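Have a look at the structure below, then the notes.
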Amino acid sequence: MVAIVTYAAPPAKAKPGNQPYSLSLIAEYGYNKTWQHYGGAEIKAFLPVNDHVEITLIAEGLSSNVYSAGLNVRPKMALPIGELFFDATIHYSAIQRNRIHDAITATSIGYRMDYVSAQVGCFYRTMASYDRAWHSEEEYLCEPFNFLYRIAANVRPLCSRWNIYMGFGNFCDTQFERPWQPIFFFGGYYDFAPSSNFEYTYRAASHFRLLFEATCKPTGMFHLNANFYGATAKFGFAYKF
């Protein structure tokens, strides 16, 4: 697994919001019974517009000939304890190896504190074959409602220089699953200090962040045949500016 360092020009001025802009580039390795061994790369841009709106752009390419891209817009509101947020997401996947693609629109509401966060909502999915005629109902699948959920916990507050998190849900940045097929995840980050006596703030005392995450997805969850697990490992860097 190869990690690739991201780079961006030095900041010209302070950015709005309580978090910095960031650009991440992540190497990925995975295995499942369908695709066998595969690798890939993921690029992610986090753009806090102001104190109340965040935008995330993400794209992924895998050696299994699968590609995806997504856009997430998150309005948020600070509460006396924690933060309430709303998510609107558009996601597209092209499974070139099978000549099918799918499009997802999702909406959800969530609550985030320093140590825990929870999110619930729904998403709409359409799937179709590359070879489908535009006016044909064949090779076309529509799922008008799928329940969406995610629960996560951190071992340290979000503003810490390093952290470890874990949780489960039926979606992540690059995939959405049906409610009965949860994705379990475990990961963390570490911010490099610019000096030995630095004072960390949420606005980023350090420009570089080391990232890692591992996921596990039982393929037969709740179907009495959960005897195989698809797994992925991700490792990379984010540049904050």
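The values are calculated or read from the model by the stated rules, or taken from the named source; none is laboratory data. These figures come from a predicted structure and were not determined experimentally. We place every Cβ from the backbone using ideal geometry, glycine too, and count neighbours over all the protein chains shown. Ligands, DNA and RNA are excluded from the accessible area calculation, which covers all protein heavy atoms including side chains. Shrake-Rupley method; radii C 1.70, N 1.55, O 1.52, S 1.80 Å.
Observations on the model:
- Residues of region 63-72 satisfying the condition of being open to solvent by less than 50 Å² (accessible area, probe 1.4 Å), at pLDDT 95 or above and not small (Gly, Ala, Ser): Asn72
- Residues satisfying the stated conditions in region 28-41, i.e. open to solvent by less than 70 Å² (accessible area, probe 1.4 Å) and not aromatic (Phe, Trp, Tyr): Glu28, Gly30, Asn32, Gly39, Gly40, Ala41
- Long-range neighbours under 6 Å by Cβ, at least six apart or interchain, first residue at pLDDT below 90 within region 27-40, second buried (at least 16 other Cβ atoms within 10 Å of the Cβ): Asn32/Gly230; Trp35/Ser64
- Apart from one condition, Phe85 fits all of (1) over 26 Å from Thr232 (Cα atoms); (2) over 17 Å from the mean Cα position of the chain (by Cα); the exception is (2).
- Within region 42-49, none of the residues are at pLDDT below 95, over 20 Å from Ser108 (Cα atoms) and open to solvent by 50 Å² or more (accessible area, probe 1.4 Å).
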